[in-house]
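The values are calculated or read from the model by the stated rules, or taken from the named source; none is laboratory data. All values reported here derive from a predicted model rather than from experimental measurement. Note: ideal-geometry Cβ built from the backbone for every residue, glycine included; neighbour counts use all protein chains shown.
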């Protein structure tokens, strides 16, 4: 949250409206305000909007007491305003952030109201984790200025944001949104408009196999969580799946897939793209090329940096509170 604790104020937008201030909307409103953006929120009723302001103040105060926000940031959060309705909230802003529940009809209704009341120059974004941008586009008057902006919980502290253009979204609108997110300390990635986008598609695939491990009697939910967070999940804060595969060796991955396919069936057949790279001798960092390419110097630097990061993360994990126990009192 680097930008939110400084005196820097983004040049754009001059103001933002957050429509729907549940868990996600409230956190986004807090983050934008702490970053120096003028924010107005709206809820289903004026009373709910005023209650949201109270929750926002308590949330920000808790973050200040925990040392996560500076007093200057909480002063900015205190300036957030509540509008009596959606029309009033979006009337004078450059960015409209819709964050109502994941119901298509409700989103259509709210997006239509937003686009009807907001400036024709305002960019309207929908915070959805799965709904198609093209399905939502029909509700807005200026579809070229509409796209998805998928934040993750907790929105203040999770850096990644998926930016999902609709078919009709103008490229310069995408560039402006990406530039803004980077300016306030986020790490945006522009992704396609497929089911679940990227994050949830991968996350749900992981959860599905985790649940199957429990159902197959391999481990308890607590032990599956321990394996994920302390083994391969331990690497994920620093490296994505392609670079992790390159460091492990794509030939090693191909061999693992063979075992998995034999035991678990077709769903674990090695992907053709992986097999092709191995056949070409592109087995990862050790060969100088895998999904990515590496010079000798880059490879040495990568492995040293990897080890440094893992050592620091391991020290952090040692300071964390004990994990929850299961029903029998067993610690995972």
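Looking at region 29-51, which of the residues that are under 16 Å from residue 156 (Cα atoms) and in contact with a strand residue (DSSP E or B) (Cβ under 6 Å, 6 or more places away or on another chain) is surrounded by the fewest Cβ atoms within 10 Å (Cβ to Cβ)? Write out each step before concluding.
As a first pass, look at region 29-51 and keep what is under 16 Å from residue 156 (Cα atoms): 29-37, 39.
Still in the list and also in contact with a strand residue (DSSP E or B) (Cβ under 6 Å, 6 or more places away or on another chain): 29, 32-33, 37, 39.
Values: 29: 28, 32: 26, 33: 26, 37: 24, 39: 29.
Checked region 29-51; the qualifying residue surrounded by the fewest Cβ atoms within 10 Å (Cβ to Cβ) is 37.
Tell me, which residue of region 69-91 that is part of a loop (DSSP other than H, G, I, E, B) and modelled with pLDDT of 90 or more is farthest from residue 27 (Cα to Cα)?
Here is the first cut: in region 69-91, the residues part of a loop (DSSP other than H, G, I, E, B) are 69-70, 78-80, 83-85, 91.
Cutting the leftovers down to modelled with pLDDT of 90 or more gives us 78-80, 83-85, 91.
Details: 78: 14, 79: 15, 80: 12, 83: 17, 84: 20, 85: 20, 91: 22 Å.
Out of the qualifying residues, it is 91.
Residue by residue through region 1-23, note down the ones that are outside any loop (DSSP other than H, G, I, E, B), crowded, with 22+ Cβ neighbours inside 10 Å and modelled with pLDDT of 95 or more.
Filtering region 1-23 for residues outside any loop (DSSP other than H, G, I, E, B) gives 3-5, 15-19, 23.
Next, from what is left, pick out any that are crowded, with 22+ Cβ neighbours inside 10 Å: 4, 16-19.
Matches in region 1-23: 16, 17, 18, 19.
Which residue out of 265, 179, 240 is under 23 Å from residue 148 (Cα atoms) and assigned by TED's automatic domain parsing to the domain that holds residue 290?
Working: 265 fails: under 23 Å from residue 148 (Cα atoms); 179 fails: assigned by TED's automatic domain parsing to the domain that holds residue 290.
Only one candidate passes the filter, namely 240.
Output the number of the condition that residue 191 fails; it satisfies all remaining conditions of (1) surrounded by 14 or more Cβ atoms within 10 Å (Cβ to Cβ); (2) under 24 Å from residue 88 (Cα atoms).
(2)
Only one of (1) closer than 22 Å to residue 233 by Cβ; (2) part of a helix (DSSP H, G or I); (3) modelled with pLDDT of 95 or more; (4) under 30 Å from the mean Cα position of the chain (by Cα) is not met by residue 309, so which one is it?
With respect to (1) closer than 22 Å to residue 233 by Cβ; (2) part of a helix (DSSP H, G or I); (3) modelled with pLDDT of 95 or more; (4) under 30 Å from the mean Cα position of the chain (by Cα), residue 309 is out only on (3).
Collect the residues in region 264-280 that are under 31 Å from the mean Cα position of the chain (by Cα), over 15 Å from residue 242 (Cα atoms) and not in a helix (DSSP H, G or I), keeping them in residue-number order.
269
Check off (1) in a helix (DSSP H, G or I); (2) touching a helix residue (DSSP H, G or I) at 6+ places or on another chain (Cβ under 6 Å); (3) in contact (Cβ under 8 Å) with a residue 24 or more places away in the chain for residue 225 and give me the number that stays unchecked.
The one condition residue 225 does not meet is (2).
Among the numbered criteria (1) in a helix (DSSP H, G or I); (2) under 30 Å from the mean Cα position of the chain (by Cα); (3) surrounded by 13 or more Cβ atoms within 10 Å (Cβ to Cβ), which one does residue 304 miss?
Residue 304 satisfies every listed condition except (3).
Taking the criterion of being in contact (Cβ under 8 Å) with a residue 12 or more places away in the chain, in the same structural domain as residue 11 (by TED's automatic domain parsing) and part of a loop (DSSP other than H, G, I, E, B), would at least one residue in region 101-112 satisfy it?
Applying the first criterion (in contact (Cβ under 8 Å) with a residue 12 or more places away in the chain) to region 101-112 yields 101-102, 104, 107-112.
Pick out the ones that are also in the same structural domain as residue 11 (by TED's automatic domain parsing) and you get 101-102, 104, 107-112.
Filter once more, so that each one left must be part of a loop (DSSP other than H, G, I, E, B): 101-102.
Yes, region 101-112 contains at least one residue that is in contact (Cβ under 8 Å) with a residue 12 or more places away in the chain, in the same structural domain as residue 11 (by TED's automatic domain parsing) and part of a loop (DSSP other than H, G, I, E, B).
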